[in-house]
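Comments concern the structure below.
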Amino acid sequence: MRLLSCLVFAAGLFGLAPAAQALDCAKAKTPEELAICHDPALRAADDELNQAYRALRAGRDAGEQKVIEVLQADWLPSRTQCRDANNAVDGQCLLGLTRRRIAFLRGADGGPDSQGRLRFVGLYRPQRSVADTALKLSLFEFAQPDSEGKRLFNNQVQGWIDNARRDHAEIPPDADGPCHDCEFTVTMPQPFQAGSFISAPIMSWSYTGGNHGSGGTDYINLDLTKNAKLALTDLLLDYEANGLAKACYDQILARPDGDPGNAGAPGLDGKQVPSNPFMTAFRDPTDWFFDGRTLTVRFGLYVLGPYAAGEQTCALGYEAVKPYLVEGAVLPGEGR
C-alpha cells in the first residue's frame, strides 16, 4: 500500500515553501544555521541532507511533494534539542541528528538506507460536512513483510487505518450538535529498529466538538522474530531492571514537585525507595519507547498519584541504559 499522496493534511499546506534548500550563510540567523556555517562537517552533512530531500521529492506528483515538504518542515524544529541553556549548539548532537535524518530520507520509501524496511502509509479524508470528521493518518509499514513479526506490525498499522474508517468517520450520536472542525489524527514518528526489535509510538487525537478534544499515545514494541510484543524487562535481567527503575524513580523525585503521590515507599533504612506500584508500572510494556537517543518510560494518569499530579515520565539516555541490558541486546536507532 503506497498512499503518500493521501497524506496532504496540514492547513495551508499548498502554500508551503520547500522545507529544505541550500543554506545561504550570509542570511544565517538561528543558532543551528550559524553552527552549520562555522563547521565544515556540519555544512557537508547539511548539503547531504538537502540532496537526500531533493532526491526523495524528485519525480513525484504535487501531492507527494507537499507531503514530503510538511514532514521535513515538522522535523526542522527538532534540531533545537541540541542547544544548551545558553542556546549554544552541540555540534556532535546536531551532526548525529542530521545523519539520522539523511538515513531516514534515503530510506523513507523502502530505499537502501531503510534496509528494505519501512515506507510511508497513510490516509487523508477532509471533513465533508458538519456530521462527519476529517481523517488524518500518517504511519509507516514494512515494505516487504517477510516474517510473522513484520506482518504483525503491518496488521497493527492497518488496524489504525481500519479503525479510523469504521469508528471515526462520523461524529458520535452524543456529540454537542454539528461540528465544523471535527477531526481524527494519528501520527507515527519514524520507528526505530535494531535487529529483531522495533519500537514505535503512535499518537492519536480526536475532536468531536465541545471545549476540548482528547488524545493519547500507544506504543508498538515488537520482537519481529518471535511475532510477539516486548516488555521493557525482556531487554533487562530482573536485578538490572530494578536498578534502571531506581534511576527512573530518582529522576522523577528530583523534579520540583517531588513524589507525585505513591511512587515511593519507606525502605528498610527509612529512606524512600520505588514503591510496588511504581515497579509494576515500570514493567508495563505499553508505557515505554525508544527514540534513537533515549528510553522514555511513561506513567499514565492515576498510576503514581492523583489526577492533579498528571502523567509522569522519565527519559534515560542510552549510556545510562546500556549497563542494564541483557547480553546481546541492541538499542533501536543506535548508530543511525
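Just so it is clear, none of the values below were taken in a lab; they were calculated from the coordinates. Just so it is clear, the structure is predicted and the values come from calculations on it, not from any experiment. Cβ: placed from backbone, ideal geometry, glycine included. Neighbour counts: every protein chain shown.
Go ahead and run the numbers for FRET between Asp250 and Lys27, Cβ-Cβ distance against an R0 of 35 Å, rounding to 0.05. The value I calculate is 0.20. Residues whose amide H lies under 5 Å from that of Tyr219, counting only those 5 or more places away or on a different chain, are Ile202; hydrogens are built 1.01 Å from N in the peptide plane. The lysines within cross-link reach of Lys271, meaning a Cα-to-Cα straight distance under 18 Å and a gap of 8 or more places when in the same chain, are Lys246.
Amide H to amide H distances under 5 Å link Trp288 with Arg298, where only residues 5 or more positions off or on other chains count and H is placed in the peptide plane. Counting only lysines at least 8 places from Lys136 when in the same chain, those with an alpha carbon closer than 27 Å to its own are Lys66, Lys150, Lys229. The amide H of Val273, built 1.01 Å from its N in the peptide plane, has Ala265, Gly267 as neighbours under 5 Å, considering only residues 5 or more places off or on other chains. For region 299-314, 3J(HN,Hα) computed residue by residue from phi via the Karplus equation (6.51, -1.76, 1.60; θ = phi - 60°) reads 10, x, 4, 6, 5, 10, x, x, 3, 4, 6, x, 6, 10, 9, 10 Hz, glycine and proline entered as x.
Antiparallel versus total DSSP beta bridges in region 115-229: what percent is that, nearest 5? Within region 115-229, antiparallel bridges account for around 85 percent of the total.
Cα extents for region 115-229 along the principal axes, largest to smallest and rounded to whole angstrom: 49, 21, 20. Evaluating 6.51 cos²θ - 1.76 cosθ + 1.60 at θ = phi - 60° for every residue in region 35-50, the Karplus couplings come out as 5, 4, 5, 9, 10, x, 5, 5, 5, 5, 5, 5, 4, 5, 4, 5 Hz, glycine and proline recorded as x.
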